[in-house]
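**Student:** Got a structure for you, written out below as structure tokens; questions coming shortly.
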């Protein structure tokens, strides 16, 4: 058995044990119950403050999106992402070893040298900007767009639509994030946890049936009234607009912001989406036909 096979096996067993521990223990960094708490909180906000009042509480494809949410957040990690991440890390370390380098030798920033709040802000801004770039790429590269269509197949917005995406998407996002983040040292597991769950919360709110834009903060944070236009079937160009993940500021800086009017009742989707599969299995296999 070579070291890469061993890494894959250890990744699977390690994550499986981690997942069991998450299900049967309560602690502040519990991803499983953290996701449930955030989801229930935003779902209650949808019920109490619905923007589209004629939209059913259990909207079209609600249960499909809930399945996607748990599949992508937990099972996908078990099946693909943890092993892929660990193998990628080893490959990078092996490549650097050819030149007698270590990962720390290519780090341009060490966050441990800064106050905690500053290091957390730097880590957040850097990772969110890379994700904004990646999101634009998902719309511009035809192969990647075929994967991203799964997310844009949502016809009625609700919080769980946030995590309806093809399993290849996080592979692309993580691949784009890994090498740039390799040049940043000094961030902790707690930093990753805080940034990740802040992004999950904003993402849930962006997709929720809520008519909020956060006032002047709309120029900083992505919001439901802005993100609804990202999902609009009719756009001013073929690549789309409003690519912000957590922050909207990148769209305003690079002029990809687009909120022409109140988007409460606009049609969602993409061209010819009536031909797109409506069930999980066929949505996952759709990109393989191209």
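The values are calculated or read from the model by the stated rules, or taken from the named source; none is laboratory data. Just so it is clear, the model here is predicted, and its values are computed rather than measured. For neighbour counting, all protein chains shown are included, and Cβ atoms are generated from backbone atoms with ideal geometry for every residue, glycine included.
**Student:** In the set 52, 59, which member is within 24 Å of residue 243 (Cβ to Cβ), under 25 Å from the mean Cα position of the chain (by Cα), modelled with pLDDT of 85 or more and not in a helix (DSSP H, G or I)?
**Tutor:** Values: 59 fails: within 24 Å of residue 243 (Cβ to Cβ).
Within the list 52, 59, the selection yields 52.
**Student:** Further question on the same structure: Quick check on region 154-172: of everything there that is touching a helix residue (DSSP H, G or I) at 6+ places or on another chain (Cβ under 6 Å) and in a loop (DSSP other than H, G, I, E, B), which residue is surrounded by the fewest Cβ atoms within 10 Å (Cβ to Cβ)?
**Tutor:** Across region 154-172, the extreme among qualifying residues is 167.
**Student:** Please indicate, with yes or no, whether at least one residue in region 181-188 is in a loop (DSSP other than H, G, I, E, B), in contact with a strand residue (DSSP E or B) (Cβ under 6 Å, 6 or more places away or on another chain) and within 26 Å of residue 279 (Cβ to Cβ). So that I can check it myself, show each step before the final result.
**Tutor:** So in region 181-188, the residues in a loop (DSSP other than H, G, I, E, B) come out as 183, 186-188.
Of the ones still in play, those that are also in contact with a strand residue (DSSP E or B) (Cβ under 6 Å, 6 or more places away or on another chain) are 186.
Narrowing further to those that are within 26 Å of residue 279 (Cβ to Cβ): none.
No: region 181-188 contains no residue that is in a loop (DSSP other than H, G, I, E, B), in contact with a strand residue (DSSP E or B) (Cβ under 6 Å, 6 or more places away or on another chain) and within 26 Å of residue 279 (Cβ to Cβ).
**Student:** Something else now. Does residue 206 satisfy the criteria of being in contact with a helix residue (DSSP H, G or I) (Cβ under 8 Å, 6 or more places away or on another chain) and without any contact (Cβ under 8 Å) to a residue 60 or more places away in the chain?
**Tutor:** yes
**Student:** Can I ask one more? Hey, can you tell me all the residues within region 214-245 that are at negative phi, crowded, with 17+ Cβ neighbours inside 10 Å, free of Cβ contacts under 8 Å to residues at least 60 places away in the same chain and assigned to a loop (DSSP other than H, G, I, E, B)?
**Tutor:** 222, 223, 235, 241
**Student:** Return the residue satisfying two criteria in turn: it lies in region 173-192 and is closer than 20 Å to residue 203 by Cα and in contact with a helix residue (DSSP H, G or I) (Cβ under 7 Å, 6 or more places away or on another chain), and of such residues it is modelled with the highest pLDDT.
**Tutor:** Only one residue tops the list, namely 173.
**Student:** Write out, first by first residue and then by second, each pair whose Cβ atoms fall under 9 Å of each other, whose residues are 6+ apart or on separate chains, and whose first residue, in region 41-57, is touching a residue at least 12 places away in the same chain (Cβ under 8 Å) while the second is exposed (fewer than 13 other Cβ atoms within 10 Å of the Cβ) and in a loop (DSSP other than H, G, I, E, B).
**Tutor:** Listed by first residue and then by second, the contacts come to 43/57; 46/57; 50/57; 52/265.
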